[in-house]
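Below you'll find the structure, written out as structure tokens, and then a few comments.
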Amino acid sequence: ICIMEKQVLESSQERTFQYQDFLPSLPVPALDESLSKYLDAVKPFLNQEEYQRTEDIVKKFENGIGKELHQKLLERAKTRRNWLEDWWLNVAYLDLRISTQIHCNMGGPSPYIEHCWPPKEGTQIERACINTWHILKFWDLLRTEKVPIERSMDEVLDMSQFRKLFCTCRIPGVTRDSISNYFKTETEGECPSHLVVLCRGRVFAFDAIHEGNMLTPPEIFRQLTHIQKTCHSEPDGPGLAALTSSERTKWAELREYLINLDPKNLTLLEKIQQSLFAVCLDDSRPHATPEDYTEVTRMGLAGDPTVRWGDKSYNGIFFSNGTCGAFCDHSPFDAMALISMSHYTEKNIIENEGKWKGSNKVRDIPWPEELVFTVDQKIINEIGYAKEFYYKKVSDLQLVNYAFTSFGKALIRKQKLHPDTFVQLAIQLAYYKCHGRPGCCYETAMTRRFYHGRTETVRSCTMEAVEWCKSMLDPSESTYQRLQLMHQAFAKHNKMRRDCENGKGFDRHLLGLLLIAQEQGLPVPELYMDNAFTASGGGGNFVLSTSLTGYTRFNGSAVPMVQHGYGFFYSIRDDRIITSCSSWKSCPETDAEVLCRTVYLCFQDMIQLTIAAQL
């Protein structure tokens, strides 16, 4: 602590990464506590007999193999500041062989239509250059470590994910992908400073720094206009970017094939990998209003695969009617880093009324270079197959992104309720109403209080939540009883969230024990083979995959975790709640539109309940 205080005194301004070395290591929870929480979490999905059986399995695990695995996990944790980090990256992201662009990436709309930039034809390039410039300013702040350190209740949070926003790319591998990150702070050395631009199946690059100074919006405008004019007056390019949407092993093999076809292709791929981020000029014109972001979110998450590089950590997407969005590989960071950057960008855009107020002077800067890949008929055919596969899959995606405008955080807080828990319980009630049974649910909690901490699972479907849902559907229940049960469900959820944020969740712990068994070549313990494990969502089987995207104007979306599930993502503002809900059309029993509308009815029911109680 003394060293930390000394550092603070020495520098009047904190540096973004200055506390990284002082963050606590990720703890390993106590085995008995994790198993007791696990038993609690499986209860809603089992009858008495099944629960008894699972309880026996858990006891056996705790006193037998589980104990040994836990010891080995503690050994691992002694030599690592974050015992989970590499494992999580591999298991949750890099080992996946499905199309990660479809199944893992996150996308979302920019909220500029609500203030400075209503949809308007002919504004695409102008808005793209202003937005891009503000993101470059954020990159500059990060390079000089001037991005403010984030805190939660005065505790410093890990800032390492911010390093992956720029100059970062996922590289496909035959059995496991990797992430290349070329970002460096000014003290660490040189950092790539070029942007890549995708337009009509072609890829261009230009440097964002000229003679030591960043390009201004008028200079970026010149570059983007040049690219757009070139593309609009000539035939479309091959659309090589679509290959990033393929299944991973397929893309890895095609990437190798491309490199063998012409070594110059490797140089071009590396140029894309090292770039700050991708600027995507998309010809679509998605409809968007402050109450309905559905189309722009859909195009952001599942739009034209030839004008986005699915493996880049950040793609800024600019549509031809002046709406915009973002599309990101999820493996290097979680949504909050992205939202912090987006919030910064938006604040500056609003302060300048969406305009550039500086000099219009344009220096004599080099024109963008086109990255022309050597392709043959095989690659051209493969791009065709990739697009066909992609469109077939995304056409099955049902997605809605609406604003609930009756109330928001202000009224919920006035009722002395936690806004995030309020939404989570509404999702539980809505699922119960639509499906007549409890829905196992994954809510993201962040563990950034710890070194390189990312996430833990809050399992929102508790016995307390289920009891309350039943009371809401039972006409004979009194308002008083419903309210009591609701407060119990709130208290339970709030405690779980706190536990998870403090490294006392159980999902990552159970994963660690399983991975130790695998590394030791041991058989999979019975606990993981038990029906209760899968039925309650374990092993990536959560029917509801949910996350709060914060309390700003930004929200995002991702696809459901399972075929018969939903993705449900929401941001909570003072006067409204923006929700994005996804499901697969090919599943007859799920309907994103119906679930979303039902959640809105549940918001009303819940607030009515608290108001009725006060009368």
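Some notes on this structure:
- Output for the range 455-496, where each listed residue is under 16 Å from Pro29 (Cα atoms) and open to solvent by 30 Å² or more (accessible area, probe 1.4 Å): Lys495, Met496
- Scanning the range 564-592 for residues that are touching a strand residue (DSSP E or B) at 6+ places or on another chain (Cβ under 6 Å) and either part of a loop (DSSP other than H, G, I, E, B) or of a type outside the set (A, V, I, L, M, F, W, C) (or both) gives Tyr566, Gly567, Tyr570, Ser571, Arg576, Thr579, Ser580, Ser582, Ser583, Lys585, Thr590.
- If the condition is being outside any helix (DSSP H, G or I) and either open to solvent by less than 20 Å² (accessible area, probe 1.4 Å) or within 23 Å of Lys72 (Cα to Cα) (or both), then the range 17-57 contributes Gln18, Tyr19, Leu23, Pro24, Ser25, Leu26, Pro27, Val28, Pro29, Ala30.
- Residues of the range 545-581 that are basic (Lys, Arg) and under 14 Å from Phe407 (Cα atoms): Arg573, Arg576.
- Residues that are charged (D, E, K, R), in a strand (DSSP E or B) and within 16 Å of the chain's Cα centre (by Cα) within the range 151-182 comprise just one, Arg170.
- Pairing residues of the range 136-165 that are within 12 Å of Arg449 (Cα to Cα) and not assigned by the TED database to the domain that holds Met446 with residues that are open to solvent by 20 Å² or more (accessible area, probe 1.4 Å) and of a type in the set (Lys, Arg), at Cβ distances under 8 Å and at least 6 apart in sequence or on separate chains, gives Ser152/Arg449; Glu155/Arg449; Val156/Arg449; Leu157/Arg151; Leu157/Arg449; Asp158/Arg449.
- No other residue among Lys416, Lys433, Lys392, Lys409 is over 30 Å from Gln484 (Cα atoms), open to solvent by 30 Å² or more (accessible area, probe 1.4 Å) and among the charged types (D, E, K, R) apart from Lys392.
Each row is one residue, and each column tells you yes or no for (1) farther than 17 Å from Gly556 by Cα; (2) in contact with a strand residue (DSSP E or B) (Cβ under 7 Å, 6 or more places away or on another chain); (3) in a loop (DSSP other than H, G, I, E, B); (4) at pLDDT below 95.
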position: His287; (1), (2), (3), (4): no, no, yes, no
position: Gly310; (1), (2), (3), (4): no, no, yes, no
position: Phe318; (1), (2), (3), (4): no, yes, no, no
position: Ala326; (1), (2), (3), (4): no, yes, no, no
position: His343; (1), (2), (3), (4): no, no, no, no
position: Asp364; (1), (2), (3), (4): yes, no, yes, no
position: Gly384; (1), (2), (3), (4): yes, no, no, no
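- Candidate set from the range 278-294 (those that are within 21 Å of Glu388 (Cα to Cα) and without any contact (Cβ under 8 Å) to a residue 40 or more places away in the chain); member that is least open to solvent (accessible area, probe 1.4 Å): Asp282
- Scan the range 319-357 for residues that are open to solvent by 10 Å² or more (accessible area, probe 1.4 Å), over 23 Å from Ser160 (Cβ atoms) and not small (Gly, Ala, Ser) and the total you get is 10.
- Among the residues examined, Thr100 qualifies as β-branched (Val, Ile, Thr), outside the structural domain of Tyr528 (by the TED database) and at pLDDT 95 or above.
- Within the range 131-158, the set of residues being crowded, with 21+ Cβ neighbours inside 10 Å and in contact with a Lys or Arg (Cβ under 8 Å, 6 or more places away or on another chain) comprises Leu142, Asp158.
- Yes/no for Arg76 being more than 21 Å from the chain's Cα centre (by Cα) and under 15 Å from Leu514 (Cβ atoms): yes
- Residue check, Pro523 more than 23 Å from Asp396 (Cβ to Cβ) and without any contact (Cβ under 8 Å) to a residue 40 or more places away in the chain: yes
- Filter result for the condition that a residue is assigned by the TED database to the domain that holds Arg176, touching a residue at least 40 places away in the same chain (Cβ under 8 Å) and within 27 Å of Asp95 (Cβ to Cβ), over Leu224, Leu243: Leu243
- Counting residues in the range 534-552 that are part of a helix (DSSP H, G or I), in contact (Cβ under 8 Å) with a residue 40 or more places away in the chain and either open to solvent by less than 60 Å² (accessible area, probe 1.4 Å) or within 27 Å of Asp158 (Cβ to Cβ) (or both) gives one or more.
- Qualifying position, being in the same structural domain as Thr552 (by the TED database) and out of contact with any Leu (no Cβ under 8 Å at 6 or more places or on another chain), among Gln415, Gln377: Gln415
The values are calculated or read from the model by the stated rules, or taken from the named source; none is laboratory data. If you're wondering where the values come from, they're calculated on a predicted model, not measured in any experiment. Cβ: placed from backbone, ideal geometry, glycine included. Neighbour counts: every protein chain shown. Quick note on the areas: whole protein, heavy atoms, side chains included, nothing else; ligands and nucleic acids left out. Shrake-Rupley method; radii C 1.70, N 1.55, O 1.52, S 1.80 Å.
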